[in-house]
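For reference, the structure discussed in these notes is given below.
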Amino acid sequence: MKKIAILGSTGSIGTQTLEIARTNGDLEITALAAGSNVERLEAQIREFHPSLAAVWTEEKAKELKSRIRDLDVRVVTGMEGLIEVAEQPESGILVTAIVGMIGIRPTIAAMKAGKDIALANKETLVTAGHIIMPLAEECGVRILPVDSEHSAIFQCLNGENRGELHKILLTASGGPFRGKKKEELRDVQVEDALKHPNWSMGRKITIDSATLVNKGLEMMEARWLFGVEPEDIKIVVQPKSIIHSMVEFADGAVIAQLGTPDMKLPIQYALYYPQRRYLPGERLDFWKLGQITFEEPDMENFPGLGLAFDAAAAGGSLPTVYNAANERAVALFLDRKIGFLEIPELIERCMKEHKVIKAPSVEEILQTETEVYERIEQMRH
Ligand code: NDP
Ligand code: MG
């Protein structure tokens with residue numbers, strides 16, 4: 001039986017991971033970590049019987065402990081708690097379904113403890129890919145992509161010679177505002193931005209999809225996962241999200257992975273790799289589909305994407321600045337404190353002011369994050 005621990009079990013990816021465990025019946029859940037949703041976490045604990053659970057604050061821990069006082073489950077908190085879940089001796093795979101750079105330290109701890117990583121938490125690779133990828137090799141663990149595009153690329157590369165890979169064709173839906181111009185984007189509301197045409201996801205990544213920052217983060221994620229240069233990653237807008245991504249080889253052959261948009265496929269593939277399991281759900285019907293269309297990404301009206309290529313080209317600590325500024329800007333947008341277009345504006349300002357540290361350590365990455373947060377605070381006063 002595969003033994004799995006999950007960081008972020010109450011979120012979109014976390015709950016779908018547990019759905020897969022429920023359907024298959026042969027995955028053992030050994031530890032769960034959540035932020036603050038103790039009600040959902042309690043239900044998960046009662047259903048899946050982990051021996052360890054983490055929540056972020058002491059207050060939430062108290063609440064959880066009282067809810068599950070009839071059960072024998074240890075409850076831990078804070079960063080130490082997340083790391084304890086990541087390192088837990090019983091588990092073999094850690095699913096990183098937490099959102100944001102908070103995932104860096106637990107992911108590293110899990111790799112050092114010999115766990116394979118089913119990675120959804122792209123922010124960790126974007127900011128610390130230069131540390132994570134060599135460490136995976138050193139520790140002899142696998143990084144299995146959960147992000148649908150990266151799972152698609154991973155599937156396309158099965159049995160191929162990586163040296164013959166020429167280009168990654170990263171597909172993008174274009175988000176809810178595809179086709180809109182800057183003037184039209186200025187006053188869009190949180191509710192409009194949260195309406196993704198094809199996927200139902202957590203709030204942060206849904207906003208990232210609307211700004212195209214998500215595609216920028218995914219470009220950097222792909223760069224580390226598959227060892228390619230940013231200029232060898234091409235963004236292809238494909239509005240229906242049927243093609244999940246493609247690869248082009250030296251001879252010009254293009255291989256794609258297609259399917260209905262359902263995150264359970266990439267999650268399940270990562271958990272059972274290299275096995276494929278039956279997955280209930282709709283199948284692609286090409287007669288009904290009729291056509292698949294393609295476009296270039298609109299970098300002018302969605303500057304968040306171009307900024308990602310700038311950050312990737314400079315490398316070092318600049319992707320951390322890009323990511324941290326975006327994390328804070330998205331939180332401000334969700335709180336209705338800034339407008340939609342201010343998200344890329346804040347990212348750009350922070351990137352311009354930053355003095356790049358080459359190959360930053362984890363401490364320097366976290367320090368950079370703090371500095372960016374402080375800088376954004378100053379800018380707003
Ligand atoms: P959600 O916002 O739905 O879920 C985030 C999870 O992280 C929740 O369980 C939340 O707990 C937990 N969490 C947040 N803060 C803390 C904290 N301080 N300590 C412990 N747990 C915490 O996000 P998604 O599932 O959408 O995304 C997760 C990651 O996967 C992101 O990096 C995203 O980019 C990536 N991803 C997501 C996809 C999707 O379809 N959703 C697709 C591809 C990638 P709580 O709610 O209890 O506070
Ligand atoms: Mg994706």
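The values are calculated or read from the model by the stated rules, or taken from the named source; none is laboratory data. On a predicted model such as this, the values are computed, not experimentally measured, just so you know. Positions of Cβ are backbone-derived with ideal geometry, glycine not excepted, and every protein chain shown enters the neighbour counts. These accessible areas exclude ligands, DNA and RNA; they are computed on the full protein's heavy atoms, side chains included. Shrake-Rupley method; radii C 1.70, N 1.55, O 1.52, S 1.80 Å.
Summary table
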{"quantity": "Residue in segment 234-242 that is of a type outside the set (A, V, I, L, M), touching a strand residue (DSSP E or B) at 6+ places or on another chain (Cβ under 9 Å), closer than 27 Å to M101 by Cα and open to solvent by less than 20 Å² (accessible area, probe 1.4 Å) present", "calculated": "yes"}
{"quantity": "Strands (runs of 3 or more DSSP E) completely within segment 87-161 that count 2 or more residues being more than 23 Å from A308 (Cβ to Cβ) and out of contact with any Pro (no Cβ under 6 Å at 6 or more places or on another chain)", "calculated": "93-96, 116-119"}
{"quantity": "Selection within segment 315-336 - in contact (Cβ under 8 Å) with a residue 12 or more places away in the chain and surrounded by fewer than 16 Cβ atoms within 10 Å (Cβ to Cβ)", "calculated": "R336"}
{"quantity": "Failed criterion for E191 (all others in (1) out of contact with any Gly (no Cβ under 8 Å at 6 or more places or on another chain); (2) open to solvent by less than 40 Å² (accessible area, probe 1.4 Å) hold)", "calculated": "(2)"}
{"quantity": "Per-region count, segment 168-211, residues more than 17 Å from the chain's Cα centre (by Cα) and among the β-branched types (V, I, T)", "calculated": "3"}
{"quantity": "Filter pass, E90 being at pLDDT 95 or above, within 17 Å of L271 (Cβ to Cβ) and surrounded by fewer than 22 Cβ atoms within 10 Å (Cβ to Cβ)", "calculated": "yes"}
{"quantity": "Residue in segment 189-205 that is more than 13 Å from ligand 2 (Cβ to nearest atom), more than 19 Å from N121 (Cβ to Cβ), among the acidic types (D, E) and in contact (Cβ under 8 Å) with a residue 24 or more places away in the chain present", "calculated": "no"}
{"quantity": "Subset tally (residues that are in a helix (DSSP H, G or I), without any contact (Cβ under 8 Å) to a residue 60 or more places away in the chain and not charged (D, E, K, R)) for segment 75-86", "calculated": "4"}
{"quantity": "Which numbered condition I108 fails, given (1) open to solvent by less than 10 Å² (accessible area, probe 1.4 Å); (2) closer than 30 Å to A172 by Cα", "calculated": "(1)"}
{"quantity": "Filter pass, L307 being farther than 26 Å from R162 by Cα, in contact (Cβ under 8 Å) with a residue 60 or more places away in the chain and not in a loop (DSSP other than H, G, I, E, B)", "calculated": "yes"}
{"quantity": "Test: residue in segment 286-304 that is buried (at least 23 other Cβ atoms within 10 Å of the Cβ) and modelled with pLDDT of 95 or more", "calculated": "yes"}
{"quantity": "Residue that is surrounded by fewer than 17 Cβ atoms within 10 Å (Cβ to Cβ) and either among the acidic types (D, E) or within 16 Å of ligand 2 (Cβ to nearest atom) (or both), where the choices are E123, E137", "calculated": "E137"}
